[in-house]
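*Asks:* Before we start, here is the structure in question, set down as structure tokens.
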């Protein structure tokens, strides 16, 4: 149950951080630099998501964790 609670908390945190970082980038840059900065921001978000999912999958495989 604790695992599910932490996952929900992480999801809420990500849901709050991504729009905040996008608005900071949008307000800080203009023109072509804004497009480049938004591309970097979205790329980093996707890389971190994939890394998280792969690491959790690996840990579950190592420790033979199964959901009830």
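*Asks:* Order of 55-65, 39-49 by packing, highest average Cβ count within 10 Å first?
*Replies:* 39-49, 55-65
*Asks:* Based on the Cβ-Cβ distance of residue 56 and residue 21, what FRET efficiency does E = 1/(1 + (r/R0)^6) give at R0 = 25 Å, to the nearest 0.05?
*Replies:* 0.65
*Asks:* By its C-alpha gyration tensor, with a ≥ b ≥ c as the square roots of the eigenvalues, how is region 19-64 shaped: rounded for a/c under 1.5, else prolate for a/b larger than b/c, else oblate?
*Replies:* prolate
*Asks:* I need the calculated FRET efficiency for the pair residue 40 and residue 8, taking r as the beta carbon distance and R₀ as 25 Å, to the nearest 0.05.
*Replies:* 0.30
Bear in mind that the values in this text are calculations on the coordinates, not laboratory data. If you're wondering where the values come from, they're calculated on a predicted model, not measured in any experiment. Every residue, glycine among them, receives a Cβ derived from its backbone with ideal geometry; neighbour counts consider all protein chains shown.
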